[in-house]
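Asker: Once you've had a glance at the structure underneath, I'll fire off some questions.
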Amino acid sequence: MRVGGLVSGQDTQTIIDQLVAIEGRPIQTLEAKKIDINADIAAWTDIKSSTDALLDALDTLRSWNVWNQMATTSSDETKLTATASSSAIPATYSIDITQLAQAHSVSSDRASDLFGGATSTTDLVAAGVLTAGDQFTVEGQTITIAASESLQSLQTQINNAATSMPASNRVIATILDNRLVVTRLNSGTTQIAMAETLGTPLQALQIFSAPATYKPANVLVTAQDANFTVNGAPVTRSSNTGLTDVISGVTLNLLAVTATPVTLTVANDTAGPKAAILDFIEKYNAATTKMTDYGKIALSGSSTSGARIETIGELGGDGMIASILRNMRNYATRSKYPFLNDASASPGYNEYTYAGKTGIASSLDTIGIGTADRNNKLSLTDETKLDGMLLENFEVVEKLFRGYFETGTGYVHGVATEFYTYVDAVTTNLTGDIDEHLQALNEQITGINTDIANRQSFVDAYENRLWAQFGAMEDAMSRMSKDLSWLTTQLGIQ
């Protein structure tokens, strides 16, 4: 605690505070500068986030994967559906389904028909229908009639045994309307392999009508293959779905018998590329809008007096943001895509015919994408044309975005490949333009913090000196007061 002015009567604290405040003004200036730089850092970090999103969108557009997916269209999806891999060949197929594959399914008689009043839980051994110790096999697994056995307990025995069956021959047992039902899991002409090995339990249950003979009335589903034709060629398969070996690169799913052939079309998937294009437009506009707002130097609005008010973005006047915006707009609106590394080379290719007209796809405008305003925002100006170009000139649109390799010439760049290279150079971590700029700004913050610390040390030392000087003055005044008092006493001065 410091107390001043006891002798002089001055407000020493206020005097020193005012003097210290004057010396501390440079700190306030530095703090204000640091606030401005931190705001710039936040703005550039925000911009980097939006340009990273644009980079991801461009990466998708330039990738092989999005342009090499195939799609299928069925004229009747209640009868036939299909999927296609990237290896499928664009073509049209006529498919006529005359018979679906079925899994063999057999049953016993109803429990009440086996024994009057019986249900699926009735003990059929006690009822005299089954004999304890009798055995039968299902797909090689032995089932032994227990001392107490019902249709329900037989269902459990068969399902437990099924876990040891090969997957290709596995069965499942269920109870249906008080019947024991046994069904193959796989369809096709192969029947369930059942045999009586001791006694006649299957005949007793009326699954068999005679040794090794299924009772016709209790064959619920006949085992059969699927029969169909593809472009007139007859095909037989044991399954209805997941048929990958009929048309190369295509998986077929047969759903119902057809009265008239179903037309299956295999073509380039246009939905994926279109979604990627729309995402690119969205991310491009988001990035450029954000940069435009941060770099804004414009007059807008008006005051109550009618005068125009100047609105400046956080990065207004920053030459780097203006440069990035200019370059990005140039890549998006350039009219000579695809183009060689030598920018002076004329494309002279990528021709297309659409709506009866022939042209060269050398800009986004040629596929229905234009600029929406004076800031050159991208917009889907003609969705019908984009859809048509993807449908009728798929490879042309792919070349526009991805470019292609030409023997003897080299790689011909497209919108996405060339634009990606630029945005990547801007956004790459550590070495990209934005990160280098952020590093420079952070170095400025470090320097300012050092200056503030040095200045604060000087101010603290200055304050200590002032207190020492004012203290010395008070001490001197105190001694002078004492000396004066002694002198007046000696001289008898009242």
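Asker: Could you work out the relative contact order of the range 6-159? I mean the mean sequence separation of Cα pairs under 8 Å and 6+ apart, divided by the number of residues, in percent. Write out the running numbers ahead of the final one.
Answerer: Working: 85 pairs, mean separation 15.9, N = 154.
Computed value for the range 6-159: 10 percent relative contact order.
Asker: So, one more: Of all the stretches in the chain, which is the longest one without any exposed loop site, taking trypsin sites (Lys or Arg not before Pro) in a DSSP loop (any state but H, G, I, E, B) with at most 11 other Cβ atoms within 10 Å? Intermediate results must be reported in sequence, preceding the final value.
Answerer: Values: sites that count: Arg2, Arg308, Arg374.
The longest uninterrupted stretch comes out as 3-307.
Asker: If we count other beta carbons within 10 Å of each Cβ, what is the order of Thr366, Thr200, fewest first? Working shown, then result.
Answerer: Values: Thr366 21, Thr200 15.
In increasing order of surrounding Cβ atoms, one gets Thr200, Thr366.
Asker: I would also like to ask the following. Taking neighbour counts of Cβ atoms within 10 Å as a proxy for exposure, in what order, fewest first, do Met480, Met473, Met70, Met291 appear? Walk me through the intermediate numbers first.
Answerer: Numbers: Met480 11, Met473 15, Met70 18, Met291 25.
Ranking Met480, Met473, Met70, Met291 by Cβ neighbours within 10 Å, fewest first, gives Met480, Met473, Met70, Met291.
Asker: I'd like the per residue volume of the convex hull spanned by the Cα atoms of the range 38-103, given in cubic angstrom.
Answerer: Details: hull volume 11.5 nm³, N = 66.
Hull volume over Cα atoms, normalised by residue count, gives 174 Å³.
Asker: Continuing with the same structure: Of Thr263, Ala332, Ile321, whose Cα points farthest to the positive end of the dipole of the chain (charges on the beta-carbon: +1 Lys, Arg; -1 Asp, Glu; origin at the Cα centre)?
Answerer: Thr263
Asker: Right, something else. Shape of the range 192-266 from its Cα gyration tensor (a ≥ b ≥ c, root eigenvalues): rounded if a/c is under 1.5, otherwise prolate when a/b > b/c, or oblate?
Answerer: Numbers: a/c = 4.31, a/b = 2.97, b/c = 1.45.
Note, shape of the range 192-266 comes out prolate.
Asker: Compare the Cα positions of Gln203, Val106, Gly188 along the charge dipole of the range 105-221 (+1 at Cβ of Lys, Arg; -1 at Cβ of Asp, Glu; about the Cα centre) and return the one farthest towards the positive end.
Answerer: Selected residue: Gly188.
Asker: Right, something else. Give me, ordered by chain and number, the residues 5 or more places off Ser239 or on other chains with an amide H under 5 Å from its own placed amide H.
Answerer: Ala226
Asker: Same structure, new question: Kirkwood Rh over alpha-carbon pairs of the chain, then Stokes-Einstein at 20 °C and 1.002 mPa s: what D in µm² s⁻¹, rounded to an integer? It would help to have the intermediate numbers written out before the result.
Answerer: Working: Rh = 32.5 Å.
Value of D from the Cα-based Kirkwood radius: 66 µm²/s.
Asker: I'd like the distance separating the alpha-carbon centroids of the range 133-175 and the range 99-113, in whole Å.
Answerer: 16
Asker: Follow-up question, since we're still on this one. Could you give log10 I(q)/I(0) at q = 0.15, 0.19 Å⁻¹ for the range 105-221, computed by the Debye formula over C-alpha point scatterers of equal weight, without solvent?
Answerer: Calculated log10 I(q)/I(0) at the listed q: -0.58, -0.97.
Asker: Tell me the mean residue ellipticity at 222 nm calculated for the chain from its helices only (DSSP H runs of n ≥ 4, each -39500 (n - 2.57), averaged over every residue, nearest 500). Write down the numbers at each step before the final one.
Answerer: Working: 11 runs with 204 residues, N = 494.
Theoretical 222 nm ellipticity from helices: -14000 deg cm²/dmol.
Asker: Let me ask you something else. Kindly give the semi-axes, whole Å and largest first, of the ellipsoid equivalent to the range 67-167, taking each as the square root of 5 times a Cα gyration tensor eigenvalue.
Answerer: Values: eigenvalues 484, 62, 23 Å².
Over the Cα atoms of the range 67-167, the semi-axes work out to 49, 18, 11 Å.
Asker: For the chain, take the longest principal axis of its alpha carbons; what is the angle in degrees between that and the long axis of helix 271-294, to the nearest 10 within 0 to 90?
Answerer: With rounding to tens, the tilt is 10 degrees.
Asker: Right, another one. Taking the Cα centre as origin and putting +1 on Lys and Arg beta-carbons and -1 on Asp and Glu beta-carbons, what dipole magnitude results for the range 20-143, to the nearest 20 debye?
Answerer: Details: 7 positive and 16 negative charges, 85 e Å.
I would put it at about 420 debye.
Asker: Next question, about the same structure. Can you give me the angle between helix 12-62 and the longest principal axis of the chain, using Cα atoms only, in degrees from 0 to 90, rounded to the nearest 10?
Answerer: Approximately 30 degrees, to the nearest 10.
Asker: A further question follows. Just need log10 I(q)/I(0) for the range 160-296 at q = 0.18 Å⁻¹, Debye formula, equal scatterers on the alpha-carbon atoms, no solvent, rounded to two decimals.
Answerer: Values, matching the q order: -1.11.
Asker: Right, another one. Report the relative contact order of the range 105-221, percent, no decimals, based on alpha-carbon pairs under 8 angstrom and at least 6 residues apart. Show your work: numbers first, answer last.
Answerer: Working: 235 pairs, mean separation 39.2, N = 117.
The normalised contact order for the range 105-221 reaches 33 percent.
Asker: Please give the charge dipole size of the range 86-214, origin at the Cα centre, charges +1 on K and R Cβ atoms and -1 on D and E Cβ atoms. Round to the nearest 20 debye. Before the final figure, lay out each step's value.
Answerer: Details: 4 positive and 9 negative charges, 52 e Å.
With Lys and Arg at +1 and Asp and Glu at -1, about 240 debye.
Asker: Among Gln157, Pro90, Gly140, which residue has its Cα furthest toward the positive end of the charge dipole of the range 18-161, with +1 on Lys/Arg Cβ and -1 on Asp/Glu Cβ?
Answerer: Pro90
Asker: Helix 433-490 sits at what angle to the longest principal axis of the chain, using alpha carbons and giving 0 to 90 degrees rounded to 10?
Answerer: 40
Asker: Rounding to the nearest 20 debye, state how big the charge dipole of the chain is about its Cα centre with +1 on each Lys and Arg Cβ and -1 on each Asp and Glu Cβ. Mind showing how you got there, number by number?
Answerer: Working: 32 positive and 53 negative charges, 79 e Å.
Magnitude of the dipole: close to 380 debye.
Asker: Then there is this: At 0.36 nm per residue, minus the direct Cα-Cα distance, what do Thr200 and Asp293 gain on full extension? Give it in nm, one decimal, please. List each step's numbers first, then the result.
Answerer: On the way: separation 93, 0.36 × 93 = 33.48 nm, distance 8.87 nm.
Gain in length upon complete extension: 24.6 nm.
Asker: May I ask you to derive the relative contact order of the chain, considering only C-alpha pairs under 8 Å and at least 6 residues apart, and to give it as an integer percent? Mind showing how you got there, number by number?
Answerer: On the way: 839 pairs, mean separation 98.1, N = 494.
Relative contact order, the chain: 20 percent.
The numbers here are math on the coordinates, done by the rules we state, and not lab data. Just so we're clear, the structure is a prediction, and the values are computed from it rather than from any experiment. Here the Cβ is made from the backbone with ideal geometry for all residues, glycine too, and neighbour counts use every protein chain on show.
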